[in-house]
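Here is the structure we will look at.
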Amino acid sequence: MPHRPYEIDVMISAKTIAARIEELSREIEAEFSDTDKIVVVGLLRGSFVFIADIVRELDIGVEVDFLEASSYGDGMESSREVRILKDIRGQIEGRDVLVVEDIVDTGYTLDHVINLLESRKPRKLRTIALLDKPSRRETGVRADWIGFEIPDEFVVGYGIDFAQRNRNLPFIGKVRFTDDQ
C-alpha cells in the first residue's frame with residue numbers, strides 16, 4: 001500500500017532528549033534508592049531507543065525485559081483494543097519494576113499493561129513515557145515520569161515509527177503530509 005507523501009519537521013532535538021534523560025534518570029534513581037536492582041520492562045517496539053538510553057544513564061542495578069503490546073498496527077489511530085504480542089519472560093512478584101513507554105496517547109496500552117503487571121504483584125511498579133499527548137487521553141492513566149508533553153501531532157523518530165519507517169531518526173519529528181497543502 002503506498003503511503004501519502006510527507007516531510008518531517010524537528011520537534012524535539014537529540015540534544016534536548018539527552019538532557020531530559022539525564023534528569024529523568026536521577027529522579028528514577030531517587031525513587032528506587034531502596035533497592036539494588038530494578039526490572040526495566042520496555043514496551044516494544046517504539047521505546048527501544050529510549051530504553052537503551054535510560055538504562056545507560058541509571059546508576060543502579062538493572063535487569064531488562066520486554067513486552068510488546070499493540071493497539072495501532074500500521075495505522076495512525078489507536079484501535080483501542082490492546083493485544084499482547086510478546087509477554088515478559090521473567091518473574092516480577094515482589095520486585096521493583098519500571099515500565100518504559102514511548103508515547104502515551106489515548107492511554108489504553110499503558111493502562112492495560114499496568115493492570116497486567118500489577119496482577120503479578122510487583123513490590124513497586126512505576127512508569128515512564130518519553131512523550132505524552134494529554135489532549136488525546138481517553139483513560140485515567142498517567143505515567144509517573146514524562147519526558148515531554150506534546151500537542152496532538154503525529155510524530156516519528158527516536159524509535160517511534162510510521163508504518164515501520166523513521167525509527168532511526170535521532171530526534172522526535174512531526175510528520176507533515178505534503179498532499180495536505
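Just so you know, all these numbers are worked out from the coordinates, no wet-lab data involved. This is a predicted model, so every value here is computed, not measured. Don't worry about glycine lacking a Cβ; one is built from the backbone with ideal geometry, like all the others, and counts go over all protein chains shown.
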Fill in the blank from the handout: Considering the stretch 125-135, residues that are surrounded by 16 or more Cβ atoms within 10 Å (Cβ to Cβ) and not aliphatic (A, V, I, L, M), and then whichever is farthest from VAL10 (Cα to Cα), we arrive at ARG126
Practice task
Sort through VAL175, VAL97, VAL156 and tell me the only one that's under 19 Å from VAL41 (Cβ atoms), in contact with a strand residue (DSSP E or B) (Cβ under 7 Å, 6 or more places away or on another chain) and surrounded by 14 or more Cβ atoms within 10 Å (Cβ to Cβ).
Solution key: VAL97
Handout entry: Test result for GLU118, closer than 21 Å to SER13 by Cβ, without any contact (Cβ under 8 Å) to a residue 60 or more places away in the chain and surrounded by fewer than 22 Cβ atoms within 10 Å (Cβ to Cβ)
Key = no
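Any idea which of ILE28, ILE8, ILE38, ILE17 is touching a helix residue (DSSP H, G or I) at 6+ places or on another chain (Cβ under 9 Å), more than 23 Å from GLY61 (Cβ to Cβ) and either β-branched (Val, Ile, Thr) or part of a helix (DSSP H, G or I) (or both)?
ILE17
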Fill in the blank from the handout: Of all strands (runs of 3 or more DSSP E) fully inside the stretch 65-158, the set with 3 or more residues that are of a type in the set (S, T, N, Q) is none
